[in-house]
There are 2 protein chains.
Amino acid sequence: MTLVLSNDEIAELLTVPECLARLEETYRDLGERKAANRPRSDVYLPADGATERYVFKTMDGVVPRYEVAALRLNSDVIRWQPGAAGVRKDKQPLAPGGKWVGLVLLFSTRTGEPLAIMPDGVIQRLRVGATNAIAARYLAPEARTYALLGAGWQAGGQALAMAAALPSLRELRVYSPTRANRERFAAEMTDRLGLEVRPVDDPRIAVRRADLVGMATNSVSSVVDLEWVEPHAHLTCVKDSELGPGILERCALVVVHTRIWQPTNYLVGAGEEPVYGHDPLQALGGSLGDLQPARPASAIDLSTLPTLGELVTGQVPTPPAGSMTCFVNVMGLGTQFAALGFLAYERARERGVGRELPTDWLLESVHP
Amino acid sequence: MTLVLSNDEIAELLTVPECLARLEETYRDLGERKAANRPRSDVYLPADGATERYVFKTMDGVVPRYEVAALRLNSDVIRWQPGAAGVRKDKQPLAPGGKWVGLVLLFSTRTGEPLAIMPDGVIQRLRVGATNAIAARYLAPEARTYALLGAGWQAGGQALAMAAALPSLRELRVYSPTRANRERFAAEMTDRLGLEVRPVDDPRIAVRRADLVGMATNSVSSVVDLEWVEPHAHLTCVKDSELGPGILERCALVVVHTRIWQPTNYLVGAGEEPVYGHDPLQALGGSLGDLQPARPASAIDLSTLPTLGELVTGQVPTPPAGSMTCFVNVMGLGTQFAALGFLAYERARERGVGRELPTDWLLESVHP
C-alpha cells in the first residue's frame, strides 16, 4: 500500500530534534557525494493579468542511505503585489476549499515502487528552519540573542529549529511590520520555546546587539542594513534578496545551501532553452511593471561558495573568532524532502497513521 | 475528486487518430511558443552490481490551451546487458507483482489542483508512435513501403500510428532478431492495420526499397547501415544511436523532436553540477565494463537542428523532392504527456471511467 499523509499527521509525527538529526546526516551524505539532487526548475505560464501567473515547480533528490527517491512539486498561481515592506509574492489558494497544492512523492530505490504521497507544507517549514539551524550550530554555536525578521509560518519554523539547535539562546526579538502579527508570534513562541520572545516595532532594535540575525519574510527587497549588524553576528536568510547591500562582502565566511542558487526557468513565450535570472518575469518584458523587486548590489557569486554539506563534513576552513558569517538558504533541495518525508513515512508506518492507497493503482505491467 | 486511471482504461479511451490530432495541435503550440517544457533529467544511484542501477527520471510540460501542467516520472531499476543486437537496456520489474513504475500527474493551471494520476505506459507508446508519424506526415506523405526494425511494444506503437497517419502505406516489412517475435508481430499487425505485414529475417531486406524506415529497438548500437537505405527514404528513430554512421550527414533534412536532445544527469558520486553525455555511467568510470555501447560517428550537432514544432508551423524549408530525410525522436517532452494525459482525462470524465481519490488528500491549508 502507498501511504497518504496529511500535514496535521506529519506535524504530529515529526519532532524538530529528529528532523535536525536526519537532515544533518543527509548533509553529511551530500558533502561526501553519497546523495544527489536534481535542482529546482520552474515552468512559467504567461501572466493572467499583470501580476498573476501559474508556476509549476519541481525538484528531485535521492538519498541512498534511506533507499529513497523524492520528488517535490508545487502547482501554484502566484500573485506579486506591493506590501508594507516592498513587493510581496503570494501563492493564491485557488484549489477547492481555498487550498494550495504542494506535494512530496517518495519512491523506493530498491524496487522503484511508490511509498508515500504527502503535502509539502509542514516538511517545507521544518526543513527550511532545520537547515538554517544546522548551519547556525556550526557558525554561531554560542549565540545568545536572536533577532528574527518576519512573524509568519516560515519565521515560526526558524525559531523552533534555532531554539532546538542552539541551547545557548536566551532571548529572541521578533520584528514584523504588522503589530498584531509580531505580538501574536511573540506570545505563541514564548510558550513553545521556553525563551523570552520580545516583539519590537523597529527592525534596527531587533538586529542591534543580536548574535544571530534571521530573516524569514515574504519581502523580495532587503530587510536588514549592514550598519545595524554586530561585527560578530551570524546572519541566516531564506532569500539573498533579504540581505542589505554590502552584507555578503563584509562576511568572513558565506556558506550557501547549494551552489546552484537559482532555479532553471522555462517560460511559455520563450524557446526551448531555459531562462535564468532572479526574476524570470523580467525576461519576458517586465510584466511586473512598477513592482520590480530591488536586488542587493552584491559582487559575490553564490555559485562559487562552500555548501552546507561541505561545512558539516569539515571541508570549509573556520573563519577567525568574532567574524561576521552568513548562511544563504536560497534554494531548496529534493534531498531535504527525501530525508524528512522518509522520516514521516517511517514514523507513520510504526504508528499506523495515514490513509492507504493501493500501490497497484500506481504500477504498470507494460514495459514503458 | 482526482481521477486515477489504469493503462487498460487509457488504451480504451485513446484512439490513434485523436492522439495524432491532439499532439499535432500541441506541436503547433510549441512551434509558436505557446507551450513549454522542462526537459528530462535523470538522477542516477551508484551501480548495485556491475550493470544495474536505480534511475529517477522526471520531465514537466505545460500546455495553456488545455489549462494543464503535467509531470511524468519513472522510478526504475535498470540493467544493461548484452543482447542479440548489441547492448540492451532493460527496466527491471521489481515493484510488487513484478511491475514497473512510471506515472503521469496532471494539474490545473487555473486552480493548481491535481486532476489525475495515471501510469505512463500506454501514453508513452502512443506519444512516441504518434510523434514519429506526425513527422512522417510532413516528410514522407507519399510513403508506400515501410521497413520497421523492432517488434516490441514500441514498434507496435510506431506501426499503428504510421498506418493511421499515412493512407499511402501499402506494405510493412518487420525485422527483429528473434523469429518468433517478428512473426507474432506480423500476424497481429496484419489484422490490426489492414495492411500486408511481412516478417523478414534480415534487416537489409526490410530496409532496401523502403520509402520509410522506422527503428524501435532496445539496442544501444546502430541497427541500420547507410548503404541499405534508398536515396529518397525517410528515416525515423527513437534513439539516434540506432542510426548507422553517415546517415544523418547524408540527409537533406534532419528534424529533431527537441534540440535539448540529451537528459541532464545528476549522479550520486559526482558533485552538484550535472553530468552530460549519452552514457552517464561512463562519466563515473565506465562501470559498464565491456558493455560500452557504440556511438554513431556523427558530426551533426542535434542541438542546432529544426524541431517538430517548427516543422508543423512551416518554419522549416522543404528539402528537394526525393531527398533522404530523418526525424530523430531522442527525447520525450512533458507536453506530450500533458496533451495525451489530458485527452485521457477528458474522455474518462465523459464516460465515467476510473477510480476517484479525494482531491483534498492532495491539498493543503498551510502556506508553503
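The strands (runs of 3 or more DSSP E) located wholly in the range B:67-132 that include 2 or more residues which are over 24 Å from B:Cys19 (Cβ atoms) occupy B:68-83, B:86-92. Note on the range B:245-278: residues that are in a strand (DSSP E or B) and either over 19 Å from the mean Cα position of the chain (by Cα) or within 11 Å of chain A (Cβ to nearest Cβ) (or both) total 9. Within the range B:127-148, the set of residues being of a type in the set (Gly, Ala, Ser) and either over 21 Å from B:Ala11 (Cβ atoms) or free of Cβ contacts under 8 Å to residues at least 24 places away in the same chain (or both) comprises B:Ala135, B:Ala136, B:Ala140, B:Ala143, B:Ala147.
So which residues in the range A:185-208 are modelled with pLDDT of 95 or more, in contact with a strand residue (DSSP E or B) (Cβ under 6 Å, 6 or more places away or on another chain) and under 19 Å from A:Glu142 (Cβ atoms)? Correct list: A:Val207 only. Within the range B:302-343, being outside any loop (DSSP other than H, G, I, E, B) and in contact with a Gly (Cβ under 9 Å, 6 or more places away or on another chain) holds for B:Thr307, B:Leu308, B:Gly309, B:Glu310, B:Leu311, B:Val312, B:Gly334, B:Thr335, B:Gln336, B:Phe337, B:Ala338, B:Ala339. B:Ile260 fulfils the conditions (1) at pLDDT 95 or above; (2) among the hydrophobic types (A, V, I, L, M, F, W, C); (3) farther than 24 Å from B:Leu160 by Cβ except for a single criterion, (1). The conditions of being farther than 25 Å from B:Gly102 by Cβ and modelled with pLDDT of 90 or more are met by B:Gln315.
In the set (1) within 30 Å of A:Gln81 (Cα to Cα); (2) touching a helix residue (DSSP H, G or I) at 6+ places or on another chain (Cβ under 6 Å); (3) surrounded by 18 or more Cβ atoms within 10 Å (Cβ to Cβ), A:Gly246 fails one condition alone, (3). Inside the range A:120-144, residues that are among the hydroxyl-bearing types (Ser, Thr, Tyr) and under 17 Å from A:Ala321 (Cα atoms) make up a count of 1.
The set of residues in the range A:14-72 being surrounded by fewer than 22 Cβ atoms within 10 Å (Cβ to Cβ), closer than 29 Å to A:Tyr266 by Cβ and of a type in the set (Ser, Thr, Tyr) consists of A:Thr51 alone. Filtered by the rule that a residue be touching an Asp or Glu at 6+ places or on another chain (Cβ under 9 Å) and either hydroxyl-bearing (Ser, Thr, Tyr) or within 7 Å of another protein chain (Cβ to nearest Cβ) (or both), the range A:46-73 gives A:Tyr54, A:Phe56, A:Thr58, A:Pro64, A:Tyr66, A:Ala69, A:Leu71, A:Leu73.
Could you list, in sequence order, the residues of the range A:96-109 that are touching a residue at least 12 places away in the same chain (Cβ under 8 Å), within 7 Å of chain B (Cβ to nearest Cβ) and not aromatic (Phe, Trp, Tyr)?
A:Val101, A:Gly102, A:Leu103, A:Thr109, listed by residue number.
The values are calculated or read from the model by the stated rules, or taken from the named source; none is laboratory data. These numbers come from a predicted model, not from an experiment. Positions of Cβ are backbone-derived with ideal geometry, glycine not excepted, and every protein chain shown enters the neighbour counts.
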